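The values are calculated or read from the model by the stated rules, or taken from the named source; none is laboratory data. Note that the structure is a prediction, hence the values are computed from the model and not measured. Here Cβ is always computed from backbone atoms with ideal geometry, including for glycine, and neighbour counts include all displayed protein chains.
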Number of protein chains: 2
Amino acid sequence: MNPDVAWAVWSGERQRRIEDVLARTLPAAEHAPAHLSQAMRYAVLEGGKRVRPLLAYAAGELAEAPPAVVDAAAAAVELVHAYSLIHDDLPCMDDDTLRRGKPTCHVAFGEATALLAGDALQALAFGVLAGGGLPDSAGACALLAEAAGVRGMAGGQAIDLDSVGAALPLAELETMHRMKTGALIRAAVRLGAACGRPLAPAEAVALDSYADAAGLAFQVVDDVLDVEGSAASLGKTAGKDMAQGKPTFVSSLGLAAARQHAEALRIEARSALAPLGSPARRLAELADWIVLRTH
Amino acid sequence: MNPDVAWAVWSGERQRRIEDVLARTLPAAEHAPAHLSQAMRYAVLEGGKRVRPLLAYAAGELAEAPPAVVDAAAAAVELVHAYSLIHDDLPCMDDDTLRRGKPTCHVAFGEATALLAGDALQALAFGVLAGGGLPDSAGACALLAEAAGVRGMAGGQAIDLDSVGAALPLAELETMHRMKTGALIRAAVRLGAACGRPLAPAEAVALDSYADAAGLAFQVVDDVLDVEGSAASLGKTAGKDMAQGKPTFVSSLGLAAARQHAEALRIEARSALAPLGSPARRLAELADWIVLRTH
């Protein structure tokens with residue numbers, strides 16, 4: 001099969017699979033309190049590129065993990081991601097009204113319900129992971145907690161808020177993003193791999209290097225698309241981050257250099273995988289997809 | 001030793017112990033991002049009756065658990081409780097400005113930081129529990145996730161919000177509180193016990209019955225104190241819940257009957273412990289303390 005077609009088939013299958021897993025994992029829409037259950041489903045289902053679940057599935061294949069176990073890891077990281085988007089969009093944070101082409105959760109369900117939906121999704125993520133049948137479920141929960149907490153995503157978000165209007169040096173910008181988005185992306189890769197056979201130390205190091213570069217690349221591309229997307233949309237001014245005065249890779253490096261930086265990180269991510277050979281094929285394709293995407 | 005003195009010594013020792021455990025578990029005040037670390041410490045330390053940790057320690061003694069393991073269970077439930085208070089106090093929820101005699105977290109640190117502090121505390125709770133050395137850490141994480149999520153605390157909170165201005169029948173009021181506060185109280189007892197030897201089925205049933213009654217008693221007493229406390233404070237009108245039009249045990253039963261209901265639940269909690277004998281002594285004393293407290 002043509003590699004591009006094989007990738008499209010592989011990723012499409014897994015995007016449909018995680019959608020099913022999430023739909024089964026979330027409380028039914030009529031589960032009391034229905035308003036909260038519906039807000040949780042609204043924020044998670046039918047949307048998103050499912051980058052983190054795909055990373056988990058790809059790492060799971062490398063570790064020869066049973067797909068039904070990887071489902072738990074993939075769902076857990078996506079639930080944490082979805083909860084973080086709900087809270088990020090709240091008026092006291094980024095105050096966004098649109099997400100994935102539909103009203104944000106608090107616009108659709110009210111602020112209080114959105115806040116609780118995020119809280120309940122975080123709890124659900126740990127519940128799914130704890131009950132997922134991984135070889136070391138407790139270790140997996142500890143890893144997810146570290147990635148989501150003050151040393152990871154929540155901490156990166158706080159630095160992001162503190163740096164509005166500031167001109168962060170590139171190194172600090174990278175540190176912020178390694179926490180804010182990178183920590184959960186690294187967790188997706190590690191947790192997917194943790195569903196399978198034990199990795200040799202060199203394999204684990206290679207995976208971490210890959211995930212670090214891929215996570216940073218993801219954020220650089222996000223920053224580039226924030227600018228290019230808005231420039232292409234007639235009648236809009238600058239992108240959201242720019243308008244909010246947030247430091248970005250584009251504001252730090254300029255557009256052309258940011259694009260080059262993303263490409264360099266893509267090469268770095270692929271190079272890290274080299275010792276792992278063809279079982280790491282999907283991870284390599286994911287790095288391409290992350291950098292070459294247009295939305 | 002006089003039983004009252006013995007209880008005071010036991011509870012005081014454990015209150016100091018959990019304070020130390022929490023202080024060590026939380027990120028240091030200077031840990032970057034310092035603003036977030038400080039908000040987390042502010043919301044958790046130097047405040048609160050530590051009812052949930054005391055329940056965990058008392059249940060741990062019943063199960064002959066190593067106190068160092070119970071520390072993890074006690075800290076986890078208290079961290080979840082503290083995060084829920086931060087989020088409950090936010091303007092989009094109860095909009096409270098005072099908590100434990102000091103400004104609420106969002107008043108002291110801003111809404112965005114308070115939101116993230118709550119989020120990070122929830123993650124930390126699971127991290128502490130997962131790494132706490134319990135006989136079944138993954139099972140413990142699953143239990144905490146259930147208690148904190150849509151079927152427990154977050155779900156109960158959503159029902160509470162939906163019922164402002166409504167006159168809930170007593171049965172629905174009890175269901176709401178079994179989720180909102182009861183679920184985490186039951187989890188505190190179960191997790192404390194889960195740190196020790198396996199319980200016989202009859203012991204587990206007795207503990208659950210105890211925790212159910214004690215959790216409900218705790219809420220009934222809260223409602224009574226909300227009214228009595230405010231009546232005693234000259235110049236204040238009604239209590240907070242009353243002012244917000246929330247259904248309470250006092251609005252549902254009247255003050256005298258609510259007091260009687262709390263006393264009946266105290267007896268029920270103590271009766272449930274009868275088959276467990278003297279190893280359940282601290283749990284029985286806790287039921288008394290919960291109902292007979294004045295703040």
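Data for the structure
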| read-out | value |
| --- | --- |
| Residue in region B:216-228 that is of a type outside the set (Gly, Ala, Ser) and within 17 Å of residue B:274 (Cβ to Cβ) present | no |
| Any hit, region A:45-55, residues being modelled with pLDDT of 95 or more, within 18 Å of the chain's Cα centre (by Cα), away from chain B (no Cβ under 11 Å) and more than 25 Å from residue A:213 (Cβ to Cβ) | yes |
| Qualifying residue in region A:221-231 (condition: of a type in the set (D, E, K, R), within 19 Å of residue A:289 (Cβ to Cβ) and at pLDDT 90 or above) | yes |
| Helices (runs of 4 or more DSSP H) fully within region B:179-276 counting 3 or more residues that are basic (Lys, Arg) | B:255-273 |
| Enumeration of residues in region B:1-30 that are of a type in the set (Asp, Glu) and either surrounded by 12 or more Cβ atoms within 10 Å (Cβ to Cβ) or within 19 Å of the chain's Cα centre (by Cα) (or both) | B:13, B:19, B:20 |
| Leading residue by the ranking (farthest from the other protein chains (Cβ to nearest Cβ)) among those in region B:157-167 that are surrounded by fewer than 24 Cβ atoms within 10 Å (Cβ to Cβ) and of a type outside the set (Asp, Glu) | B:167 |
| Identity of the residue in region B:86-111, surrounded by fewer than 24 Cβ atoms within 10 Å (Cβ to Cβ) and under 26 Å from residue A:184 (Cα atoms), that ends up nearest to the other protein chains (Cβ to nearest Cβ) | B:111 |
| Those residues of region A:260-283 which are among the acidic types (Asp, Glu) and under 16 Å from residue A:185 (Cβ atoms), in sequence order | A:268 |
| All positions within region B:118-133 that are within 8 Å of another protein chain (Cβ to nearest Cβ) and more than 18 Å from the chain's Cα centre (by Cα) | B:120, B:127, B:130, B:131 |
| Checklist (1) of a type outside the set (A, V, I, L, M); (2) surrounded by 20 or more Cβ atoms within 10 Å (Cβ to Cβ); (3) in contact with a helix residue (DSSP H, G or I) (Cβ under 7 Å, 6 or more places away or on another chain) applied to residue A:37, failing item | (3) |
| Residue satisfying condition, being closer than 30 Å to residue B:132 by Cβ, in contact (Cβ under 8 Å) with a residue 12 or more places away in the chain and more than 21 Å from the chain's Cα centre (by Cα), within set B:197, B:190 | B:197 |
| Candidate set from region A:76-119 (those that are in contact with a strand residue (DSSP E or B) (Cβ under 7 Å, 6 or more places away or on another chain) and of a type in the set (Ser, Thr, Tyr)); member that is modelled with the lowest pLDDT | A:97 |
| Candidates A:171, A:114, filtered to the one that is hydrophobic (A, V, I, L, M, F, W, C), more than 8 Å from chain B (Cβ to nearest Cβ), free of Cβ contacts under 8 Å to residues at least 24 places away in the same chain and assigned to a helix (DSSP H, G or I) | A:171 |
| Residue count, region B:4-26 (criterion: within 22 Å of residue A:142 (Cβ to Cβ) and either part of a loop (DSSP other than H, G, I, E, B) or touching a helix residue (DSSP H, G or I) at 6+ places or on another chain (Cβ under 7 Å) (or both)) | 5 |
| Qualifying residue in region A:66-75 (condition: modelled with pLDDT of 95 or more, in contact with a Lys or Arg (Cβ under 9 Å, 6 or more places away or on another chain) and surrounded by fewer than 21 Cβ atoms within 10 Å (Cβ to Cβ)) | yes |
| Filter result for residue B:212 (acidic (Asp, Glu) and closer than 22 Å to residue B:173 by Cα) | yes |
| From the options B:63, B:75, residue that is of a type in the set (Gly, Ala, Ser), more than 11 Å from every other protein chain (Cβ to nearest Cβ), in contact with a helix residue (DSSP H, G or I) (Cβ under 7 Å, 6 or more places away or on another chain) and more than 16 Å from residue B:186 (Cβ to Cβ) | B:75 |
| Residues (within 18 Å of residue A:88 (Cα to Cα) and in a loop (DSSP other than H, G, I, E, B)) located in region A:128-164 | A:149, A:150, A:151, A:152, A:163, A:164 |
| Selected residue (criterion: surrounded by the most Cβ atoms within 10 Å (Cβ to Cβ)) from residues of region B:138-147 that are within 7 Å of chain A (Cβ to nearest Cβ) and under 21 Å from the mean Cα position of the chain (by Cα) | B:141 |
| Boolean, residue B:269 is modelled with pLDDT under 95 and out of contact with any strand residue (DSSP E or B) (no Cβ under 8 Å at 6 or more places or on another chain) | no |
